[in-house]
Every structure is written in C-alpha cells, then in structure tokens.
C-alpha cells in the first residue's frame, strides 16, 4: 500500500496502489513489483528532480522560462501537491503534480512569463479562445496545474495524485490559504504522427499518403488528459515556439515508418466540474476499484 504525507505530518493517508499495466496480460513476461510512495515536496531533496520533470513537460519551450525559479515556487508550497517515488523520500521523484495560483503569484517574473505564454498560445487555436477571456477577467482565480512523470511510469499513479490534490485544496481553503479557484488550467503535451524524412525518395507513394493522413490525429502523452478534455470549458493543442521542424520527429519515432511531433496542450476546467473530472480519471484508469 502506498502512502502520502498529508498536511499534518503526524498523519498518514493511504492511497490506492498503482498497478503494472501489463502484469495480467502476458504471464510469460517478467513482472517487476514496484511500490510507489507519495510524498509532500521537500525543497532540500526535490529541486533537481522537479526541474528535470518540468523540462520534460515543457519540451523545447522550457528554454523560455526560468525553471529554477519555477521549481522554487512549487517547492515553496510543500503541503499542496505530490511527488511519487520508489526508493524512499530521499530519492528523485518519478512523477509530480502541483497547482499554482496565477493571480496570487502574478508579480513573480516566472508566472508573468507563463501567463504571457498561455495567452499567446491560446490565440493560435480557436478551441482555446475561452482561455483568453477567463485570464482577462479580474474576478477569475485560475489554478495552474502542472504534472509530469517519467515516460515508463504507469498511468495508474495519476488518479491518486489528483484525488489527493482535491483533499489538500479543501484543507488549504479551510486554513484561509489562497487556493479557492474558479478554474483549473492544465498545461500538458500531445503529439501527432508525421511521415519520416528518412528514405522518402524510396518510400512507396501509398505509404507516404497513409502517413500524411495519419498526421492529423492527436494522441495523448498522458491518457488522463483525454478524460479531462471531456469536462473542459476549453481544450486544444498548439505548436511550440522553439519548434525545430518535422525532421526532429525522426529522433522520436513511435513506429517503424513514422515519427512523432510533440505539441503543447492546454485544458481549462471550471471549478464546479473539476471533482467530477477527477472521478472520471479514476474510473478510466482504475476501472476495477
């Protein structure tokens, strides 16, 4: 059973264990029994691991932000959000989830940069149009939700992180802390497949056309994002500012004939629908619970 340290350091709360995604489907494969543990953020332990995961989350556009300042801001609120680890609290996190009050931290340079980035990217996709209106509303209290995990980390660790966040936000609001939001904004990543630039001259025309046709379909790095979008006021993808071109996709091959091109993604959810969205994530990723 995994555990998460809650606001009272003397109290531990049980969280559902994450399941190995392939443990029951193929008995001939070796199964590694891993116990994930949930912890509060620890500034003296988590800085470098958190910074690395933020770099992965923001992909090539991480260069636009002061990740050290962003990591410090996250670590300054240790009782809201989680890290997920395997070998104890003193190790680097395999995953994290946190939330930042965009209004409360509006005077900080890194939040100003993030806000400007969000506003500009929202203009590039009509599906994100509502986001600009919400951020321009002085009455809106938007919680910027950031979460990332190592690529091979099972998606089943996600529902406990979201459920714990809801509990922690409720406790923080009871303690008169600035976590009473009107909206939640999740920054994430999607990708689409594109035709490889390698050996294109020798590729049959039929295969080329198939690859081009498949390029328009959007896929999710985080399966829970597909669920969250169903509850969203606005959701959509956008091109990275530091986009290095389609040729970069060959270094991120998903399949033999095709590369993948990552994109940024944003999901805006009204506070009244967030708890239902979190329950839907749990139902989707842990249907047997």
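Only one of the numbered conditions (1) modelled with pLDDT of 95 or more; (2) surrounded by 14 or more Cβ atoms within 10 Å (Cβ to Cβ) is violated by residue 132, and that is (1).
Which members of segment 92-107 meet the condition of being free of Cβ contacts under 8 Å to residues at least 40 places away in the same chain and more than 12 Å from residue 144 (Cβ to Cβ)? If the condition is that a residue be free of Cβ contacts under 8 Å to residues at least 40 places away in the same chain and more than 12 Å from residue 144 (Cβ to Cβ), then 107 is the only one that fits.
Do you know which residues across segment 105-118 are exposed (fewer than 15 other Cβ atoms within 10 Å of the Cβ) and not in a helix (DSSP H, G or I)? Listed by number, the residues that qualify are 106, 107.
May I ask you to verify whether residue 7 is surrounded by 14 or more Cβ atoms within 10 Å (Cβ to Cβ), modelled with pLDDT under 90 and in contact with a helix residue (DSSP H, G or I) (Cβ under 9 Å, 6 or more places away or on another chain)? Criteria met by residue 7. Given the criterion assigned to a helix (DSSP H, G or I), closer than 16 Å to residue 40 by Cβ and at pLDDT 95 or above, identify the matching residue among 177, 168. Unique residue meeting the criteria: 168. Residues in segment 73-84 that are outside any helix (DSSP H, G or I) and either within 13 Å of the chain's Cα centre (by Cα) or surrounded by 16 or more Cβ atoms within 10 Å (Cβ to Cβ) (or both): 77, 78, 79, 80, 81, 82, 83, 84.
Taking every residue in segment 129-149 that is farther than 17 Å from residue 101 by Cβ and pairing it with any residue that is modelled with pLDDT of 95 or more and in a strand (DSSP E or B), at least 6 positions away or on another chain, the pairs with Cβ-Cβ distances below 8 Å are 129/234; 130/234; 130/268; 148/95; 148/96; 149/84; 149/95; 149/96. Taken together, 70, 50, 57, 100 contain a single residue that is closer than 19 Å to residue 168 by Cβ, modelled with pLDDT of 95 or more, part of a helix (DSSP H, G or I) and under 18 Å from the mean Cα position of the chain (by Cα), which is 50.
For segment 36-53, the candidate set comprises residues that are touching a strand residue (DSSP E or B) at 6+ places or on another chain (Cβ under 7 Å) and closer than 25 Å to residue 242 by Cα; within that set, the residue that is surrounded by the most Cβ atoms within 10 Å (Cβ to Cβ) is 50.
When you scan segment 135-144, do you find a residue that is part of a helix (DSSP H, G or I), touching a helix residue (DSSP H, G or I) at 6+ places or on another chain (Cβ under 8 Å) and closer than 17 Å to residue 271 by Cα, even just one? Checking segment 135-144: at least one residue is part of a helix (DSSP H, G or I), touching a helix residue (DSSP H, G or I) at 6+ places or on another chain (Cβ under 8 Å) and closer than 17 Å to residue 271 by Cα. Within segment 145-165, the residues that satisfy the criterion of being under 13 Å from the mean Cα position of the chain (by Cα) and assigned to a helix (DSSP H, G or I) are 155, 157, 158, 159, 161, 162.
This table checks each residue for (1) exposed (fewer than 14 other Cβ atoms within 10 Å of the Cβ); (2) at pLDDT 60 or above; (3) under 30 Å from residue 271 (Cα atoms).
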position	(1), (2), (3)
184	no, yes, yes
209	yes, no, no
220	no, yes, yes
234	no, yes, yes
240	no, yes, yes
250	no, no, no
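Sub-6 Å Cβ pairs linking a first residue in segment 32-52 that is at negative phi and touching a residue at least 12 places away in the same chain (Cβ under 8 Å) to a second residue that is buried (at least 16 other Cβ atoms within 10 Å of the Cβ) and assigned to a helix (DSSP H, G or I), at least 6 apart or interchain, are 36/157; 41/75; 43/75; 47/71; 50/71; 51/67; 51/71, ordered by first then second residue.
The values are calculated or read from the model by the stated rules, or taken from the named source; none is laboratory data. Being a predicted model, the structure only gives us computed values, none of them experimental. Note: ideal-geometry Cβ built from the backbone for every residue, glycine included; neighbour counts use all protein chains shown.
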